[in-house]
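The structure appears right after this line, and notes come after that.
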Amino acid sequence: MNGGVLGLLIVSGFVAVALIITLVVNKRVMRQDRARRCALGVQGQAIVLTGIYGSQTNFVLKRIARAENRAFTPTGLRFTVIVDSDAMTWWRGAEDPLLIARFPLQSIRDVGSGTTSFGNSTFPTIFFGVAVNGRTFDLQLRVANAKGVWNATAMERDRFASAIRERVEATRLE
């Protein structure tokens, strides 16, 4: 065997292993996402998003918890955000979800979209202005796609942000 063929076999082996690992991880994340939705008893009209860990998000959630005089719960690597007809709730965990924070829709001052970055990676992000006890906090939500596996596309992020904005504005009209 010449060196070129041996090199090709080695590279093909690495690619195959990487593909298998990617498929296993994706399947696990999708299973956790389904478990979360089931455990939370999500209603059909709710907007459900999978959040991706961000240190700035946890920093702001910690400040909000302090302002509300309650214990802080970090998000974890993946977490769930549910926007229903009256509130936006943030949850950690799959089988036994733990409430991270709850914001009545009337407390959400604005909803925007853009990106945040860490190192060489950029993340589609929804930005919220959330009023808590007379202070407004700038809260970021890095968004995963609908299956909760990969980062959302800009179009998916904007669709999520628009739907949330409509829900927030509807509460102001009531």
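The values are calculated or read from the model by the stated rules, or taken from the named source; none is laboratory data. Just so we're clear, the structure is a prediction, and the values are computed from it rather than from any experiment. FYI the Cβ positions are ideal-geometry reconstructions off the backbone, even for glycines, and counts take in every protein chain you see.
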* Meets criteria (touching a Ser or Thr at 6+ places or on another chain (Cβ under 8 Å), small (Gly, Ala, Ser), surrounded by fewer than 21 Cβ atoms within 10 Å (Cβ to Cβ) and touching a residue at least 40 places away in the same chain (Cβ under 8 Å)) for Gly54 -> yes
* Segments classed as strands (runs of 3 or more DSSP E), wholly inside the stretch 6-125, with at least 3 members that are touching a Cys at 6+ places or on another chain (Cβ under 8 Å), under 19 Å from Arg157 (Cα atoms) and modelled with pLDDT under 90 -> none
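Take the residues in the stretch 155-167 that are in contact (Cβ under 8 Å) with a residue 40 or more places away in the chain and surrounded by fewer than 19 Cβ atoms within 10 Å (Cβ to Cβ); name whichever of them is nearest to the chain's Cα centre (by Cα). If you could, list the steps in order and put the result at the bottom.
Kept after step one, since they are in contact (Cβ under 8 Å) with a residue 40 or more places away in the chain, are these residues of the stretch 155-167: 157-158, 160-161, 163-165, 167.
The next check asks that each one be surrounded by fewer than 19 Cβ atoms within 10 Å (Cβ to Cβ); those that pass are 158, 163, 165.
Working: Asp158: 14, Ala163: 15, Arg165: 17 Å.
It comes out as Asp158.
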* Asked: Consider Arg167 against the criteria (1) more than 22 Å from Asn69 (Cβ to Cβ); (2) basic (Lys, Arg); (3) assigned to a strand (DSSP E or B): it satisfies all of them except one. Which criterion is unmet?
  -> (3)
* Out of Leu105, Leu139, report the one residue that is in contact (Cβ under 8 Å) with a residue 24 or more places away in the chain, touching a helix residue (DSSP H, G or I) at 6+ places or on another chain (Cβ under 6 Å) and under 17 Å from Ser55 (Cβ atoms). => Leu139
